[in-house]
């Protein structure tokens, strides 16, 4: 009985190690893919991203015709050929107000929870 319990625990630990290493590899592989969570308490109507060195928002609205409700998450997947590490994010709320988050290292970040006042909780590799 003790051996089977130990084996089960060992298998669970190995599965956890594989899952954690998968997240680390995804963020450290040099491709800026991440989850954006709406922690603002407001409905987001538009999301724009741009390399930090640009003076304009060069990418289209990431939501299209959708909205991001409070508590919802959106996975943003980039083309690795962009080869840009630091990004800015702009959101437009349903009433037209805007907020910005600057110089986010998306080669290391895999989850961002944006909060009111341009504050963010960031999970990195």
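Suppose R0 equals 22 Å. What FRET efficiency, 1/(1 + (r/R0)^6) with r the Cβ-Cβ distance, do residue 56 and residue 33 give to the nearest 0.05?
On the way: r = 23 Å, r/R0 = 1.04.
Efficiency, from the Cβ-Cβ distance: 0.45.
Among 104, 63, 36, which comes first, then next, by fewest other beta-carbon atoms within 10 Å?
Working: 104 20, 63 16, 36 24.
In increasing order of surrounding Cβ atoms, one gets 63, 104, 36.
Suppose the chain between residue 77 and residue 43 were pulled fully straight at 0.36 nm per residue; how much longer would it get relative to their current alpha carbon spacing? Before the final figure, lay out the partial values.
Details: separation 34, 0.36 × 34 = 12.24 nm, distance 2.15 nm.
Extra length available between residue 77 and residue 43 comes to 10.1 nm.
None of the figures in this text is laboratory data; all of them are computed from the coordinates on show. Small disclaimer: the values here were computed from a predicted structure and weren't measured. Neighbour counts run over all protein chains shown; Cβ positions are idealised from the backbone, glycine included.
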